[in-house]
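Structure record follows, encoded as structure tokens.
The values are calculated or read from the model by the stated rules, or taken from the named source; none is laboratory data. Bear in mind that the values here come from a model prediction, so they are computed numbers and not experimental data. Virtual Cβ from ideal backbone geometry, glycine too; neighbours counted across all protein chains shown. When the accessible area is computed, the model is the full protein with side chains, heavy atoms only, and any ligands, DNA or RNA have been set aside. Shrake-Rupley method; radii C 1.70, N 1.55, O 1.52, S 1.80 Å.
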Amino acid sequence: MKKEKFEALLQEDRLFPPKEEFAVKANLNSEQVYSEAEDSMNFWEKQALNLDWFEPWQEVLKWNPPYAQWFLGGKINASYNCLDRHLSDWHRNKAALIFEGEQGDSKVLTYQDLHREVSKLANVLKSLGVKKGDRVTIYLPLIPEAVISMLACARIGAPHSVVFGGFSAEALRERIIDAQSKIVITADGGFRRGTAIPLKENTDQAVRGLEDVEHILVVRRTGKCIEMEEPRDIWYDEAMKEADLKCPAEPMDAEDLLFILYTSGTTGKPKGIVHTTGGYLVGVSTTHKWVFDLKEEDVYWCTADVGWITGHSYLVYGPLANGATVVIYEGTPDYPHKGRYWEIIEKYQVSILYTAPTAIRTFMKWGNEYPLAHNLSSLRLLGTVGEPINPEAWMWYYKYIGSESCPIVDTWWQTETGMIMMTPLPGITSLKPGSCTVPFPGIKVEIVDSSGNPLSKGMGGYLTIRQPWPAMLRTVYGDPKRYESTYFGNFPGVYFTGDGAKWDSDGYYWVLGRVDDVINVSGHRIGTMEVESALVDHPAVAEAACIGKNHDIKGQALVAFVTLKEGVELRDDLIEELKAHVVEKIGALARPEDIIFTAELPKTRSGKIIRRLLRDIAEGRALGDTTTLADAAVVSSLKELYED
Ligand code: WT7
């Protein structure tokens, strides 16, 4: 593991204790919950009783490091817990999903409506030959059908793999192959800033030559004319017309796969993060209820797409298991105008808003007039996730969105952790802008040095998690070795997050960012290796090295240093061509901000690229240690190039 210097953060002394009127009504308002959770097994077992189980578990946890199994022997179904159990009382008529389309169209589905649609789709999937254990890839815009598809898969025990609609055909193909999906659910398109994204065309390209893909189920969204290849391609609405309304939920083993979700790592190939059923549901429903202080009458809006873990845990499974009313919005915050989010909050009287620092920084840049033009007084709690939030953005969010009366929950977690791990509990924890505060009850984190020794308060080091937790990933799909080495290879028996963090004198945690070759662009993890692989795939490129540099809005931005193959002429349009190539290979979220051509890359004598130096160059910093350089001249010429 590389040693990194951890940036010293500015001292942040502001403290925001919970407001009396909030605390008295909060779901949790006594510190006691932390001491009760000291016995974490007992604590999680108690939380598990809030779900509906077909059969009880025999054992709470089997920990065979690094493999955990929770609620062994228990039988449960995620779709049943998100739907059926709400139908026996008035909740059946409660809004489950409030959908707002980019074009301003809207639709409300009650729990009963959602149950009906999910049951029908589950029957459609069965009729297409999907059996328990078969993987289904979902490549949809953020429309109700995305949620319906996930829950339909869960209902029949078919693990889903949701691929974000912004990923390219190639990225989709790679994920379909890795998961060996037989079925892909997609749409004729999805709206983004008024234009339709060609999801079906991408899917056609992605599955070309893949014999295992038997069917593509196509949701009609844009009405755009697309090619349908019979009998492989089937219209969703036509199949649904004939589907039976009844589909009992399949009793699943607590440890059966619920879903696979791909995330970037330090090597080129994305990792299929595996989440199972029982523990995951216990983790996400408990955290959702307590972190967001969920009340029956809340209107909860999580702005994440279902293509990310936030969408899985806090747009679908956590909130629906808790019987919440969830707003989903298909479009971007600036279409057709920059007040879109605030308009939606006012329209639906949203009371809880969960979004990302990159969005907050963008709103700040656009100016206060947009939120000020709307009545946001329905809001009572705000949340953030995805990357560290800078105190300035925190204060802006607090003041202009929350009118200085809403607590902000800064939630730290990962695709792998499945659930929120560090967060304030809004009725208990005093907030510090920029800190995700303290571990959730039952979670034990520790900051260690590179040899794994715990560090005392005030010091920065590697963020680790000491005990298994119910929603933790179980493995990397099809690659247990990668699971073992990535997460448990650095500190034996202990989960390594890949993040650096600091612990302050009050015991508050400050996450400083990744310490590996993964960068966080707008709250989304991108492996620098993945982008490098995409670049060297272009015929003109010999070598590429990508790094992240600080960026006002995105948190970090990708910068690529590229050497060209011998004989390749440097053309004006090559930069755009290479950027487009990365977009084609991975998707727009991986488009490099800058591409710098260089004759050579700085390397150690053994030939390893020294990214640290590239970062120094990109950030315009004084160069760090250059003694390990094979050729010192490379760096000075690069610096000149960059400054041009
Ligand atoms: C990485 C996980 C969890 C859903 C979104 C991202 C960074 C996430 C915070 C936060 C500081 C944060 C970490 C983490 N991160 N939330 N509140 N404060 N950093 O999921 O793609 O799995 O990325 O995002 O670096 O390791 P992900």
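Could you calculate the contour length gain from Met41 to Phe16, that is, 0.36 nm times the residue separation minus the distance between their Cα atoms, to one decimal place in nm?
Numbers: separation 25, 0.36 × 25 = 9.00 nm, distance 3.17 nm.
Residue separation times 0.36 nm, minus the Cα-Cα distance, leaves 5.8 nm.
Hey, rough spin-label estimate for Thr195 and Gln112, points 7 angstrom out along Cα→Cβ, what's it come to in nanometres?
4.4
Starting from the Cα of Glu593, step 7 Å along the direction of its Cβ; do the same at Lys347; then give the gap between the two resulting points in nm.
Those two pseudo-labels are separated by 3.2 nm.
Under 5 Å between amide hydrogens, which residues at least 5 positions from Trp235 or on another chain qualify, with H placed 1.01 Å from N in the peptide plane?
Val218
Under a Cβ-only charge scheme (Lys and Arg +1, Asp and Glu -1), can you give me the dipole magnitude of the chain about the Cα centre, in debye to the nearest 20?
Taking the Cα centre of the chain as origin, the dipole is about 680 debye.
Calculate the length of the line joining the C-alpha centroid of segment 532-583 to that of segment 277-301, in whole Å.
The distance from the Cα centre of segment 532-583 to that of segment 277-301 comes to 42 Å.
Nearest-5 percent of antiparallel DSSP beta bridges in the chain?
On the way: 61 of 99 bridges.
Once the DSSP bridges in the chain are tallied, antiparallel ones form about 60 percent.
How much length is gained on full extension from Asp212 to Asp573, taking 0.36 nm per residue of separation minus their Cα-Cα distance?
Numbers: separation 361, 0.36 × 361 = 129.96 nm, distance 3.91 nm.
Extra length from Asp212 to Asp573 when fully extended: 126.0 nm.
Pop out the ³J(HN,Hα) list for segment 74-87 in order, Karplus 6.51 cos²θ - 1.76 cosθ + 1.60 with θ = phi - 60°, rounded to Hz; leave Gly and Pro as x.
x, 10, 7, 9, 5, 5, 4, 6, 8, 10, 3, 5, 8, 8
Compare the peptides 315-324, 595-604 by average per-residue count of other Cβ atoms within 10 angstrom and give them in order, highest first.
Packing order, densest peptide first, comes out as 315-324, 595-604.
Report the calculated FRET efficiency for Gln467 and Glu640 (r = Cβ-Cβ distance, R0 = 60 Å), to the nearest 0.05. Mind dumping the intermediate values first?
On the way: r = 51 Å, r/R0 = 0.85.
Working from the Cβ atoms, E equals 0.70.
For Arg232 and Glu584, what is the calculated FRET efficiency with R₀ set at 22 Å and r taken between the beta-carbons, to the nearest 0.05?
The pair Arg232/Glu584 has a calculated efficiency of 0.35.
Considering only protein heavy atoms and a 1.4 Å probe, what is the carbon-and-sulfur percentage of the accessible area of segment 518-643?
The computed percentage sits at 49.
Quickly work out the Gln180-to-Asn550 label distance, labels modelled 7 Å from Cα along the C-beta direction, and quote it in nm with one decimal.
4.8
Using a Förster distance of 45 Å, how high is the FRET efficiency between Ser456 and Asn368, based on the Cβ-Cβ distance and rounded to 0.05?
Once the sixth-power term is evaluated, E becomes 0.60.
Stretched out fully, how many nm does the piece from Lys131 to Lys94 gain, at 0.36 nm a residue minus the Cα gap?
So the chain would gain 10.2 nm between Lys131 and Lys94.
Do the alpha carbons of any pairs in Lys502/Lys603; Lys25/Lys46; Lys269/Lys603; Lys246/Lys295; Lys295/Lys399; Lys269/Lys608 sit beyond 26 Å of each other, and which pairs?
As for pairs spanning more than 26 Å Cα to Cα, those are Lys502/Lys603; Lys246/Lys295.
Using θ = phi - 60° and the Karplus form 6.51 cos²θ - 1.76 cosθ + 1.60, what ³J(HN,Hα) does each residue of segment 301-316 get, whole Hz, x for Gly and Pro?
Running phi through 6.51 cos²θ - 1.76 cosθ + 1.60 with θ = phi - 60° gives 10, 10, 7, 6, 8, 5, x, 10, 5, 4, x, 5, 7, 10, 10, 10 Hz.
Considering only protein heavy atoms and a probe of 1.4 Å, how much of the accessible area of segment 6-501 is carbon and sulfur, as a whole percent?
That fraction is 50 percent.
Could you state how much accessible area Asp504 has, in square angstrom rounded to the nearest 10, with a 1.4 Å probe and all protein chains kept in place?
Near enough 20 Å² of accessible area.
Mind checking the per residue accessible area of the chain for me, 1.4 Å probe, whole number of Å²?
Values: 25040 Å² over 644 residues.
Value for the chain: 39 Å² per residue.
Are there GluC sites (Glu not before Pro) in segment 190-287 that DSSP marks as loop and that have at most 11 other Cβ atoms within 10 Å, and which are they? Mind dumping the intermediate values first?
On the way: sites: Glu201, Glu211, Glu214, Glu227, Glu229, Glu238, Glu242, Glu255; in loops: Glu211, Glu214, Glu227, Glu229, Glu242, Glu255.
Taking segment 190-287 and a limit of 11 other Cβ atoms within 10 Å, the loop GluC sites (Glu not before Pro) found are Glu211, Glu227, Glu229, Glu242.
Determine, for each peptide in 383-389, 299-305, the mean count of other beta carbons within 10 angstrom over its residues, then list the peptides with the highest first.
383-389, 299-305
Which whole-Hz couplings ³J(HN,Hα) result when phi for each residue of segment 565-582 is put into the Karplus expression 6.51 cos²θ - 1.76 cosθ + 1.60, θ = phi - 60°, listed in order with x for Gly and Pro?
Along segment 565-582, the couplings run 5, 4, x, 7, 7, 6, 10, 4, 8, 5, 4, 5, 5, 5, 4, 5, 5, 5 Hz.
Taking only the alpha-carbon positions of the chain and ignoring solvent, what does the Debye formula give for the base-10 log of I(q)/I(0) at q = 0.05, 0.06, 0.07, 0.08 Å⁻¹?
Taking Cα atoms of the chain as identical point scatterers yields -0.22, -0.31, -0.43, -0.57.
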